[in-house]
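This report concerns only the one structure given below.
The values are calculated or read from the model by the stated rules, or taken from the named source; none is laboratory data. The model shown is predicted, which means the values in this text are computed figures rather than measured ones. Please note: Cβ atoms are built from the backbone with ideal geometry, for glycine as well, and neighbour counts cover all protein chains shown.
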Amino acid sequence: MKFITIKRLWIILLPALFFAIGISACKKDNYKEIIGVCPKVISTNPANLATNVPLNQIIEVTFNENMNPASITQAAFTIKALTEITGAITYNSANATMRFAPTVPLAINTTYTGTVYTSIRDFMGQALQAKYIWTFSTGTISSPVIISTDPVNLATNIPLNKIIIANFNMPMDPLSITGLTYTVKQGVTPVAGTVTYAGTTATFTPSANLLPGILYTATVTNGAKSAGGIAMANNYVWTFTTSTVLAPIIISTDPLNLATNVPLNKIITANFNEAMNPLSITGLTYTVKQGATPVAGTVTYTGNTATFTPSANLLSGITYTATVTTGAMSASGIAMANNHVWTFTTVPPLGPIGVDLKTAARFGIISGTGVSNNAGFSVINNMDVGISPGARSSITGFPPATIVNGAIYASDDIAPPGVPAMLTQAKLDLTNAYLFAAGASSPAPATVSGDQGGLTLAPGIYKSNSTLLIQAGDLTLDGKGDPNAVWIFQIASGFTTVGGAGGNVILINGAQAKNIYWQVGSSATIGDFTTFNGNVLALTSITMNSGAVANGRMLAINGAVVMTNTNIINKP
């Protein structure tokens with residue numbers, strides 16, 4: 001007899017519980033793990049920033065899952081120019097698409113803003129996690145529009161230390177976003193402040209706290225222009241009313257904003273000017289990201305300090321963005337008036353600057369004269385094979401050799417169009433990468449010679465004035481805990497790994513094959529049954545002996561690349 005475990009019962013009952021109480025817990029990591037993805041908009045018709053949209057256009061919004069039609073109402077979706085337009089909303093559950101048919105045709109030469117609100121839910125009661133906003137134009141150009149503001153129009157109880165923000169639908173000309181085109185007034189009296197612009201966001205920072213209980217009017221005029229020089233069609237005006245309180249603020253962070261050389265094991269802290277509600281300081285209100293990718297970590301709060309402890313070391317040479325949102329509240333329940341955002345950059349990677357392969361990086365094999373698979377079922381995984389200036393007739397042994405998630409390209413291919421030019425560029429990028437690797441000089445190269453078998457090498461540049469060999473044992477490359485650590489081997493003549501009992505290239509402590517470059521002044525041979533790591537950039541030719549496996553690339557500028565018998569090349 002099988003028994004239902006508590007965990008399995010939790011998985012079964014949790015969706016029904018959320019549905020019954022009508023709330024969304026999609027943001028909860030444990031819920032996401034159990035149930036799946038959150039509902040979101042995956043496409044619109046017209047697409048964002050589309051132009052020349054027909055005046056009789058039916059507007060469509062497609063979701064990533066089937067939504068509850070009862071939640072798709074007039075209040076859940078708007079299309080606006082200066083004013084909201086009316087229309088009929090229908091929903092097709094077969095393709096999870098909402099359709100909006102305007103009552104009257106769209107106006108000519110007009111930019112519209114569409115908004116899908118978070119009141120739309122799926123059948124589990126999960127709501128969209130954020131409003132979805134996009135714009136399109138019925139003219140030949142899409143004029144810039146403001147798609148959101150903070151505070152929103154007619155907002156009340158705005159903290160006295162509020163920074164006023166306007167978000168555009170496209171990049172703007174920063175020189176057109178000034179104190180003349182972006183103003184905040186109390187009646188007819190201008191508020192002193194500083195206007196800045198970054199990304200698609202214009203910010204007005206008052207010089208002093210706003211006055212309590214006052215109606216303010218913010219205006220962005222049609223003097224504001226897009227990066228392409230297109231002016232806003234109309235002034236954008238909104239109002240808000242202040243409260244009588246000051247919101248909590250962050251008075252310091254560690255690292256500081258714009259700090260550099262931050263250690264990889266850094267714990268990130270934010271210090272408030274007053275005691276906060278610990279329940280409001282969570283992984284939802286305090287995040288650290290690499291670009292748009294969240295960093296895994298644990299958020300804690302004690303005293304007046306919020307702490308983000310990464311689950312693993314940060315990556316080297318990366319700029320991170322930390323954010324504490326307005327969801328953070330004081331002990332008395334007052335929310336922060338503005339998100340607090342700061343950036344910092346970690347210490348540079350160990351070793352030299354990496355070699356940029358550019359367009360050559362898509363290839364597992366590049367050859368000048370020929371590519372052959374002499375015997376066996378060789379495999380190239382997740383990369384292409386290219387030959388230039390050699391012809392397709394110089395590529396042999398495919399099959400039985402196969403390419404998984406890749407293709408073969410030759411300089412005499414006539415389809416698809418542009419292949420010869422693409423290969424010419426890849427060869428140029430390979431040549432430039434070879435020359436960069438050969439000339440790398442910082443940190444100062446360490447001179448090596450003969451057999452490197454049995455050694456362990458830290459990140460750096462290693463220079464051989466003749467041939468180089470790996471034979472008497474394995475060569476170990478120690479990343480020292482830095483997954484971005486780089487090795488460049490400058491080999492004046494031939495390079496050989498013997499294989500068998502030794503000759504492998506072993507990676508430890510975070511070292512990655514993609515960051516290892518073997519610049520070979522003549523030809524390279526990867527020995528029988530060698531496990532090899534790194535990118536070989538050879539001036540002449542490359543041979544992989546029987547059973548050799550490479551996590552990397554075999555890139556030969558002038559000669560051939562030969563796979564002898566059942567070789568594997570994996571994308572590093």
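A few comments on the model shown:
- Considering each residue of the stretch 503-524 in turn, at least one proves to be small (Gly, Ala, Ser), surrounded by fewer than 23 Cβ atoms within 10 Å (Cβ to Cβ) and at pLDDT below 95.
- Qualifying residue in the stretch 289-309 (condition: surrounded by fewer than 17 Cβ atoms within 10 Å (Cβ to Cβ) and touching a Leu at 6+ places or on another chain (Cβ under 8 Å)): yes
- Among the residues of the stretch 348-374, those that are of a type in the set (A, V, I, L, M) and modelled with pLDDT of 95 or more comprise VAL355, LEU357, ALA360, ALA361, ILE365, ILE366, VAL371.
- As a summary of the residue check, ASN161 satisfies the conditions (1) in contact with a Ser or Thr (Cβ under 9 Å, 6 or more places away or on another chain); (2) outside the structural domain of THR44 (by TED's automatic domain parsing); (3) buried (at least 17 other Cβ atoms within 10 Å of the Cβ) except for the one numbered (1).
- ILE79 passes every criterion in (1) surrounded by 14 or more Cβ atoms within 10 Å (Cβ to Cβ); (2) over 26 Å from VAL237 (Cβ atoms) apart from (2).
- Scanning the stretch 403-413 for residues that are in a strand (DSSP E or B) and surrounded by 19 or more Cβ atoms within 10 Å (Cβ to Cβ) yields ILE403, TYR409, ALA410.
- Evaluated against (1) under 18 Å from ASN570 (Cα atoms); (2) part of a helix (DSSP H, G or I); (3) not aromatic (Phe, Trp, Tyr), SER393 falls short on exactly one condition, (1).
- Residues in the stretch 328-339 that are surrounded by fewer than 20 Cβ atoms within 10 Å (Cβ to Cβ) and either in a loop (DSSP other than H, G, I, E, B) or among the β-branched types (Val, Ile, Thr) (or both): ALA331, SER332, GLY333, ILE334, ASN339.
- Residue that is nearest to ASN515 (Cα to Cα), among those in the stretch 310-326 that are hydroxyl-bearing (Ser, Thr, Tyr) and buried (at least 20 other Cβ atoms within 10 Å of the Cβ): SER316
- Residue match in the stretch 362-377 (condition: under 32 Å from the mean Cα position of the chain (by Cα), on the phi < 0 side of the Ramachandran plot and in a helix (DSSP H, G or I)): yes
- Exclusive hit being charged (D, E, K, R), assigned to a loop (DSSP other than H, G, I, E, B) and more than 26 Å from ALA155 (Cα to Cα), set LYS266, LYS289: LYS266
- Residue count, the stretch 465-491 (criterion: in contact with a Ser or Thr (Cβ under 6 Å, 6 or more places away or on another chain) and either small (Gly, Ala, Ser) or in a loop (DSSP other than H, G, I, E, B) (or both)): 4
- Single match in VAL195, VAL191 (criterion: surrounded by 15 or more Cβ atoms within 10 Å (Cβ to Cβ), farther than 14 Å from PHE168 by Cα and touching a Pro at 6+ places or on another chain (Cβ under 7 Å)): VAL191
- Among the residues listed as THR110, THR118, the single one being among the polar types (S, T, N, Q), over 29 Å from PRO39 (Cα atoms) and surrounded by fewer than 21 Cβ atoms within 10 Å (Cβ to Cβ): THR110
- Taken together, the residues in the stretch 169-190 that are part of a loop (DSSP other than H, G, I, E, B) and either within 31 Å of the chain's Cα centre (by Cα) or at positive phi (or both) amount to 7.
- The residues in the stretch 498-529 that are more than 17 Å from LEU455 (Cα to Cα) and either in a strand (DSSP E or B) or of a type in the set (Val, Ile, Thr) (or both) can be counted, and the count is 8.
- The number of residues in the stretch 147-164 being farther than 22 Å from ILE133 by Cα and of a type in the set (D, E, K, R) comes to 1.
- Qualifying residue in the stretch 340-360 (condition: over 23 Å from ILE267 (Cβ atoms), outside the structural domain of LEU256 (by TED's automatic domain parsing), buried (at least 21 other Cβ atoms within 10 Å of the Cβ) and touching a Ser or Thr at 6+ places or on another chain (Cβ under 7 Å)): yes
- Screening the candidates PRO400, PRO443, PRO416 for the property of being assigned by TED's automatic domain parsing to the domain that holds ILE488, in a loop (DSSP other than H, G, I, E, B), in contact with a Phe, Trp or Tyr (Cβ under 8 Å, 6 or more places away or on another chain) and exposed (fewer than 15 other Cβ atoms within 10 Å of the Cβ) yields one hit, PRO400.
- Listed by first and then second residue, the pairs linking a residue in the stretch 527-556 that is over 25 Å from GLY510 (Cα atoms) to a residue that is in a strand (DSSP E or B) and aromatic (Phe, Trp, Tyr), with Cβ atoms under 9 Å apart and 6 or more places separating them unless they lie on different chains, are ALA538/PHE495; ALA538/TRP518; MET544/PHE532.
- On inspection, THR90 does not qualify as assigned to a strand (DSSP E or B), among the polar types (S, T, N, Q) and within 19 Å of SER142 (Cβ to Cβ).
- Among all residues of the stretch 251-258, there is at least one that is over 27 Å from the mean Cα position of the chain (by Cα) and closer than 17 Å to MET336 by Cβ.
- Extreme residue, modelled with the lowest pLDDT, among residues of the stretch 375-389 that are of a type in the set (A, V, I, L, M) and more than 15 Å from ALA538 (Cα to Cα): ALA375
- In summary, THR476 fulfils each of the numbered conditions (1) surrounded by fewer than 20 Cβ atoms within 10 Å (Cβ to Cβ); (2) modelled with pLDDT under 95 with the single exception of condition (2).
- Residues of the stretch 543-560 that turn out to be more than 15 Å from ALA360 (Cα to Cα), crowded, with 24+ Cβ neighbours inside 10 Å and under 35 Å from the mean Cα position of the chain (by Cα), as a count: 2
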